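Here's the structure we're looking at; comments come further down.
The values are calculated or read from the model by the stated rules, or taken from the named source; none is laboratory data. Everything numeric here is computed off the predicted structure, so don't read it as measured data. Counting neighbours? That spans all protein chains shown, and the Cβs are built from the backbone with ideal geometry, glycine included.
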């Protein structure tokens, strides 16, 4: 079952999109966890409402304020030149989180939400920034991600991307980057897939 956000936000996505801000917008609320990181609850204009995690240690998060965002594959600390490409292990763990499979990986069906949030967040910080942790659940998740890649069960980033968050009106400007988080990009639409299928069929026929 795919995780969804259960807390409604008073500002609708439609309302955010209707503002004068040209770029896609997102608002965050705090969620379970004790690490000063995720779970964050995100309410975005273009990528729906979802739960996510902090990717930048030492970068703060401001709640209930609209920001603009971009989608990419690099983590940019404060939007400057310190760039860290998103790791495949992080993409695996976030995919498992969004598919509600973290408890299955840990073999802990009754793991409290706050403990789950801490384990995932600490694992992500370890993977991306080599931040040491003695949280046994986080260490187990890190090992599970490494095993999935080593066994060929996972590769690349899948549909996971970095949501780069920026002060409104300052996208891409150094010093205006905020906390980067994880996001799932949508699959191609049915119409897009159908078009791709037709094009592939035409190409195949031309080769015959």
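Answer yes or no: is there a residue in the stretch 62-76 that is under 21 Å from residue 145 (Cα atoms), over 12 Å from the mean Cα position of the chain (by Cα) and buried (at least 17 other Cβ atoms within 10 Å of the Cβ). Checked the stretch 62-76: no residue is under 21 Å from residue 145 (Cα atoms), over 12 Å from the mean Cα position of the chain (by Cα) and buried (at least 17 other Cβ atoms within 10 Å of the Cβ).
Taken over the stretch 161-208, the criterion of being at pLDDT below 90, within 26 Å of residue 30 (Cα to Cα) and out of contact with any helix residue (DSSP H, G or I) (no Cβ under 9 Å at 6 or more places or on another chain) is satisfied by 186 alone. Taken together, 110, 126 contain a single residue that is under 20 Å from residue 34 (Cα atoms) and loosely packed, with under 15 Cβ neighbours inside 10 Å, which is 110. Quick one: would you say residue 13 is surrounded by 18 or more Cβ atoms within 10 Å (Cβ to Cβ), modelled with pLDDT of 95 or more and more than 28 Å from residue 156 (Cβ to Cβ)? So residue 13 does not fit the description; no. When restricted to residues that are surrounded by fewer than 16 Cβ atoms within 10 Å (Cβ to Cβ) and in contact (Cβ under 8 Å) with a residue 24 or more places away in the chain, the stretch 79-107 contains 5. Please pick out the residue among 132, 146 that is surrounded by fewer than 19 Cβ atoms within 10 Å (Cβ to Cβ) and modelled with pLDDT under 95. Of 132, 146, the one residue that is surrounded by fewer than 19 Cβ atoms within 10 Å (Cβ to Cβ) and modelled with pLDDT under 95 is 132.
Residues of the stretch 154-176 include none that is without any contact (Cβ under 8 Å) to a residue 60 or more places away in the chain, surrounded by 14 or more Cβ atoms within 10 Å (Cβ to Cβ) and out of contact with any strand residue (DSSP E or B) (no Cβ under 9 Å at 6 or more places or on another chain).
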